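Note sheet for the following structure.
The values are calculated or read from the model by the stated rules, or taken from the named source; none is laboratory data. In this text, all values refer to a predicted model and were calculated from it rather than measured experimentally. Here the Cβ is made from the backbone with ideal geometry for all residues, glycine too, and neighbour counts use every protein chain on show. Note: accessible area is taken over every heavy atom of the protein model, side chains too, but ligands, DNA and RNA are not part of it. Shrake-Rupley method; radii C 1.70, N 1.55, O 1.52, S 1.80 Å.
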Amino acid sequence: SYTKSGNETRITLQTPTKNDSTFEGWEITINSNEPAAIESGVLIIPANAYGEIVLTAVWVQRFVVTFDLNIEDQYGIKVKNPPQLQENQMNVVYGTPYDYLPELKADGYEFKGWYLDKECTIRVEIRTIVKTQKDHTLYAKWIKPAKEVTLVQIILIIVIIVVAIAFVVVVYVWIYKK
């Protein structure tokens, strides 16, 4: 519908629908002597305007990403204090960066990021462009860091080696002295 007054024409724009996308609004291209504008879904054209106004519907494809902690599967054990996610899903827009990915912590493990596959070979970062055109899952990658060897453990190993060498020497001397 539209209304016309002395200084402008107002055209109410319909909201289109499309099965696989979300309507984000109208993009306006003006090749006219007077500027036109869109305000709250209404195209406003000055009365003395002439030329061309092109309206293009802006569509986005939104998908749901589910976060899989993937910690029990990688090591085959149940973690005592598994990490907790505030949200285990988020919405993403196809063709744009992920923008946000949760950081995780778990006792005894080091979090190494999010991946598109359960085997953790295709890494996803916040700057990664969403290229999957369907709801999908991101999998957390974990590693079990090597344990640090303490000074006490090193001294104990040295003592064991020295005792073992001494034992071999004693046995050697005892066998060959007879």
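Which members of segment 142-168 meet the condition of being in contact (Cβ under 8 Å) with a residue 60 or more places away in the chain and open to solvent by less than 90 Å² (accessible area, probe 1.4 Å)? Hit for segment 142-168 is 142, nothing else.
Among the residues of segment 87-115, those that are more than 25 Å from residue 60 (Cβ to Cβ) and part of a loop (DSSP other than H, G, I, E, B) comprise 103, 104, 105, 107, 108. One residue stands out in segment 31-50 among those that are open to solvent by 90 Å² or more (accessible area, probe 1.4 Å) and of a type in the set (Ser, Thr, Tyr): the one that is modelled with the highest pLDDT, namely 40.
Condition first: open to solvent by 70 Å² or more (accessible area, probe 1.4 Å) and modelled with pLDDT of 90 or more. Now tell me which residues in segment 3-13 satisfy that.
Within segment 3-13, no residue meets the criteria.
Per the conditions (1) under 16 Å from the mean Cα position of the chain (by Cα); (2) open to solvent by less than 60 Å² (accessible area, probe 1.4 Å), the sole criterion not satisfied by residue 171 is (1).
What's the number of the condition residue 118 fails, among (1) modelled with pLDDT of 90 or more; (2) charged (D, E, K, R); (3) assigned to a strand (DSSP E or B)? Only one criterion is unmet by residue 118, namely (3). Counting the residues of segment 121-141 that are open to solvent by less than 80 Å² (accessible area, probe 1.4 Å) and part of a strand (DSSP E or B) gives 8.
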